[in-house]
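Accompanying notes for the structure given below.
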Amino acid sequence: MKDLSNYRKSYEKSELLETNIPEDPINLFNRWFHETEDLGGNEEINAMTVSTIGLDGFPKSRVVLLKKFNEEGFIFFTNYDSEKGIAIQNNSNVCLSFFWHSVERQIIIKGTAQKTTDVVSDNYFNSRPDGSKLGAIASEQSRVIPSRIVLDEKLSELERYYEGKEIPRPSNWGGFVVAPIEVEFWQGRPNRLHDRIRYTLQEDYSWKIERLSS
C-alpha cells in the first residue's frame, strides 16, 4: 500500500474575506472564473464535476463541461437517456463542483436541474462541429456495447448519410440548467485554515452569506 500521508501543500496565493465579496454568488463565480482564466493555469477551466443520485440510490460523479452561466444557473449538455440524464430526471437535486488548482480555489454548488428550452439546446447543438453533432447521434450514451468498432461503424454510416446535409439535434440530446440554492467558495490558506464562504438562497430570493470553519 502506498502511503500518501506526506503529500502536503501550503496554500498561500489568495484570501477570501467578507469585505471583498458581492451579495450575489453568481457575481463572485464570474469574478473567480475570469481571474483563473486570465492566469491561464487551468487548461479547461469550465470542466466541472456533476454529482447525481442514481436509480440504484448511490451518488455518482463525473466531469462534464460548463457551457454557459447566468443569473438563472449553470448549463451543460448531455444525452437525456444517459445514466446521468435519467438520474437527473428522476431526482433533480444535483451538485456541481469546480477545482482550480492553479489559484487554490474550489466552488461547490447545490441546486436543482431542469431541461433547457429547445431553443437553447438547438442553438448550442448547431454551434458544434459536425463531428461532435454526429457523435451525439451515434452514441447511445452509457449503454453497454460489444466493442469500439460498433461506434466507429455507426459514425462512418452517419458521415455518409449526412454528407452535404444539415445535421438535426436528436430529441434525446440537450441541456440542463442547474439553478443554485447553495454556493460555497473555498480559498486555500496556510496551515489548513482555509477560507470558506457559503451563500444560501432565502425565500425572498436574497442570499444569506456565512463563513464556515475550515
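The values are calculated or read from the model by the stated rules, or taken from the named source; none is laboratory data. Since we're looking at a predicted model, the values are computed, not measured. Cβ atoms come from the backbone with ideal geometry, glycine included; neighbour counts cover every protein chain shown. Just the protein is used for accessible areas: all its heavy atoms, side chains included, with ligands, DNA and RNA removed. Shrake-Rupley method; radii C 1.70, N 1.55, O 1.52, S 1.80 Å.
What to note about this one:
- Scanning segment 114-168 for residues that are in a loop (DSSP other than H, G, I, E, B), open to solvent by 50 Å² or more (accessible area, probe 1.4 Å) and closer than 30 Å to ASN90 by Cβ gives THR117, ARG128, GLU140, GLN141, SER142, ARG143, VAL144, ILE145, PRO146, PRO168.
- You will find that of TRP186, TRP173, the residue that is within 20 Å of the chain's Cα centre (by Cα), under 21 Å from THR78 (Cβ atoms) and either touching a residue at least 12 places away in the same chain (Cβ under 8 Å) or open to solvent by less than 80 Å² (accessible area, probe 1.4 Å) (or both) is TRP173 and no other.
- Matching entry among LEU193, LEU212, LEU201 (being exposed (fewer than 13 other Cβ atoms within 10 Å of the Cβ), among the hydrophobic types (A, V, I, L, M, F, W, C) and within 26 Å of THR52 (Cα to Cα)): LEU212
- Here the strands (runs of 3 or more DSSP E) wholly within segment 20-109 that include at least 1 residues being touching a Ser or Thr at 6+ places or on another chain (Cβ under 8 Å), surrounded by 14 or more Cβ atoms within 10 Å (Cβ to Cβ) and among the aliphatic types (A, V, I, L, M) are 47-53, 59-65, 73-79, 93-100.
- Of the criteria (1) out of contact with any Lys or Arg (no Cβ under 6 Å at 6 or more places or on another chain); (2) farther than 23 Å from LEU65 by Cβ, which one LYS115 fails: (2)
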